[in-house]
Amino acid sequence: MDVAIIKYNAGNIYSVSYALKRLGVSPVITADPELLHKADKVIFPGVGEAFTTMDYLKEHKLDAIIKDLKQPVLGICLGMQLMCRHSEEGDADCLGIFDTEVKRFIPHRHEDKVPHMGWNTITEVKGGLFTAQLENKFVYFVHSYYVPVNEYTTATTNYILPFSASLHKDNFYATQFHPEKSGSVGEVILKNFLKL
């Protein structure tokens, strides 16, 4: 199976690559349109800032390539947020695959720390990345911005308020959490993506 990881100016690409290698898949890390189009699966990871990353994607024509992909695509963390219509982070217009906004966490109590960092459970799981056994399992998050629960939500997490832990529309899947850092649960989710 050919798996491509989109190469751009964002972190955590190599941790995703190592996680796939543990599952017996050797991905190619590339920004080459031809390799991205012909891969069986594409992963769009990300750790970074929305506005500068969108600028980079547009400058390198990766925005159009991502939207045009027809195979299963998995956005992770910032990758998921950039698949939305707009982010409050830098007031960025994003890819618009999911017609929803990305909002900044507003702490309500002293113990509400932003960024949301660490292990939290996923609930109301449904769709291709999840099986019923993953309900209430712990996964690993690091983020200051969130996607509200919406029509594309396929898993929910509650931190300060309920938000989308995962999204799905057509061939596009996305997780706010990091499956590559979520131990055995993350491995199951990555395997489910590879089986799509």
### Looking only at segment 167-196, and only at residues there that are open to solvent by less than 10 Å² (accessible area, probe 1.4 Å) and among the small types (G, A, S), the one that is nearest to Y145 (Cα to Cα)
A174
## Note on the structure
Wholly inside segment 1-81, strands (runs of 3 or more DSSP E) that include 2 or more residues that are more than 18 Å from A174 (Cα to Cα) and open to solvent by less than 70 Å² (accessible area, probe 1.4 Å) are 28-30
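How many of the residues in segment 101-113 are part of a loop (DSSP other than H, G, I, E, B) and loosely packed, with under 15 Cβ neighbours inside 10 Å?
Result for segment 101-113: 8.
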### Task
Sort out which residues of segment 116-137 are closer than 13 Å to S164 by Cα, open to solvent by less than 30 Å² (accessible area, probe 1.4 Å) and in a strand (DSSP E or B), and write them in order of number.
N120
#### Entry: Residue that is within 21 Å of L196 (Cβ to Cβ) and either among the charged types (D, E, K, R) or modelled with pLDDT under 95 (or both), where the choices are G24, G46, G75
G46
### Task
Sort out which residues of segment 82-95 are open to solvent by less than 40 Å² (accessible area, probe 1.4 Å) and assigned to a loop (DSSP other than H, G, I, E, B), and write them in order of number.
M83, C94, L95
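Being under 17 Å from P72 (Cα atoms), touching a residue at least 24 places away in the same chain (Cβ under 8 Å) and of a type in the set (A, V, I, L, M, F, W, C), is that true of even one residue in segment 118-136?
For segment 118-136, residues under 17 Å from P72 (Cα atoms), touching a residue at least 24 places away in the same chain (Cβ under 8 Å) and of a type in the set (A, V, I, L, M, F, W, C): present.
Looking at segment 138-157, which of the residues that are in a loop (DSSP other than H, G, I, E, B) and not β-branched (V, I, T) is most open to solvent (accessible area, probe 1.4 Å)?
In this case the residue turns out to be E151.
The values are calculated or read from the model by the stated rules, or taken from the named source; none is laboratory data. Not measured: the values here are computed from a predicted model. Virtual Cβ from ideal backbone geometry, glycine too; neighbours counted across all protein chains shown. Just so you know, the surface numbers come from the protein's heavy atoms only, side chains and all, with ligands and any DNA or RNA stripped out. Shrake-Rupley method; radii C 1.70, N 1.55, O 1.52, S 1.80 Å.
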